[in-house]
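So the structure is just underneath, and the comments pick up after that.
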Amino acid sequence: MGFDAPIIFPPIYLPADNFASGTQIGNGAPFTMPKNGILKRLSINNATGVAAKVGAQWGLVLSPGGQKIYSINNGANTVSVINSATNAVIATIAVGATPTFGAITPDGKFLYVVNQGAGTVSVINLGTNAVVATIAVGTLPTHIAITPDGLYAYVPNFTSGTVSVITIATNTVTTTIIGLASAWGITASPDNLYMYVSLQVAAGTVSRIAIATNTVTGTFNVGVNPGAILITPDGLFIYTVNQGAGTVTVTDAGSLALIKTIVVGSLPLAITSASDSSKIYVSNNSSGTVSVISTATLTVVATLAILTGVYGTTLTPDGKFLYVSGGGATNLAVYDTLTNLRVGNALTGVAPYGLVSVPVAVAFVPGQSVINEIIPVNFTSTDLTPIELIAGTKLVIFTGIVGPIQWAVEFAGTA
């Protein structure tokens, strides 16, 4: 049995008959199964741990299979390749000056990284982790979007007021679309028909570009200084982040009519959609939070407290985990999207750090005595193989660290 409400410590707003949570210091037995049931899920949030060191992160890109996270490190001019199973950095790739965001081709073979300070795009072969091309675009490129058919990459250039169209087969700019003053964010419609480009001016607008002709075929108003933009995977709605207003504008993709303006945090920067289009995640740089928007109600249903300076966001393909990057010497964090509980921690300081990887084991202790079964659980793999437990079974969390830790479990009761 699932649940919709977020975990908040304290208090707890989830059904008592199939959910429990608490805090423990060190190892202990904080939870007793109240009845027979099947344990389904575990989330743990530790206050300490060892972090994987990366650069000052801005953009985050997830490989199509979900096995790797690519952290685009704005301060270090690098891309860190992170194993999402262990949250360890397994490679570091040098790119151009001041990289910001990136996109992976639909076949999963190449990562295109925007180098804002250099006015270029670095093309990385994901099989070899080598830069195989560097493409000159316009002045102050910001974001990038790749067409669903994998043929073209579109790069807005803020200062130039243009969008560079890169033909992926040749890694050359084959078209430059002009007349787009202060072009900033960009997203591709899933039907491969349109690109939507936000124009970051006070009277914010978004231009719709027909991919077949590279001409503007429509324009609609949004909020002050729009930035990142996305169209939901179902192709129905466009969400535009308004940096100057602290809002998100929701637009009907068919009619281009305004549906609603949603208040989020201060200086929202990045936006990510769940694959089923049910939730939208918005990082708020000045507030140090991520707003979780329900697309059913068009309201903020949860606010995740990160740290001031958050930038990029990305979701694993199954939607179970949200990765959040920070700029400068801030943080990289991973959240369980079912519980909104932070299950990976990064450390802050002079040098930026990445994701925490702490060994965890879960022991089930019938009658508080003999350990019946021990199951290794990775911090980013908290869905358990369903395990039947009898009433009175004790759940013990072994973390290998000194607490405190917060924990949450979900189970399906049977009797």
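The values are calculated or read from the model by the stated rules, or taken from the named source; none is laboratory data. Fair warning: this is a prediction, and the values are worked out from it, not measured in the lab. All Cβ positions, glycine included, derive from the backbone under ideal geometry; neighbour counts span all protein chains shown.
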Task: Condition check for ASN242: in contact with a strand residue (DSSP E or B) (Cβ under 7 Å, 6 or more places away or on another chain) and surrounded by fewer than 16 Cβ atoms within 10 Å (Cβ to Cβ) - done: no
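Does ALA153 count as crowded, with 22+ Cβ neighbours inside 10 Å and either over 18 Å from THR261 (Cβ atoms) or free of Cβ contacts under 8 Å to residues at least 12 places away in the same chain (or both)? Talk me through it step by step, then tell me what you get.
Values: crowded, with 22+ Cβ neighbours inside 10 Å: yes; either over 18 Å from THR261 (Cβ atoms) or free of Cβ contacts under 8 Å to residues at least 12 places away in the same chain (or both): yes.
Yes: the conditions hold for ALA153.
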Task: From SER275, SER266, SER287, residue being part of a loop (DSSP other than H, G, I, E, B), farther than 20 Å from MET195 by Cβ and in contact with a Pro (Cβ under 7 Å, 6 or more places away or on another chain) - done: SER275
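For segment 288-301, name all the residues that are surrounded by fewer than 21 Cβ atoms within 10 Å (Cβ to Cβ) and touching a residue at least 40 places away in the same chain (Cβ under 8 Å). Please lay out each step first, then the result.
Here is the first cut: in segment 288-301, the ones surrounded by fewer than 21 Cβ atoms within 10 Å (Cβ to Cβ) are 288, 294-301.
Once the filter is applied, which keeps residues that are surrounded by fewer than 21 Cβ atoms within 10 Å (Cβ to Cβ) and touching a residue at least 40 places away in the same chain (Cβ under 8 Å), segment 288-301 yields THR295, LEU298, VAL301.
Just to confirm my filter: which strands (runs of 3 or more DSSP E) fall fully inside segment 212-263 and include at least 3 residues that are over 15 Å from LEU193 (Cα atoms) and of a type in the set (A, V, I, L, M, F, W, C)? Write out each step before concluding.
Working: elements: 215-221, 226-231, 237-242, 247-252, 258-263.
So the answer is 258-263.
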TODO: Kindly provide the set of residues from segment 194-217 that are surrounded by fewer than 22 Cβ atoms within 10 Å (Cβ to Cβ), at pLDDT 95 or above and hydrophobic (A, V, I, L, M, F, W, C), ordered by number.
DONE: ALA210, ILE211, ALA212, VAL216
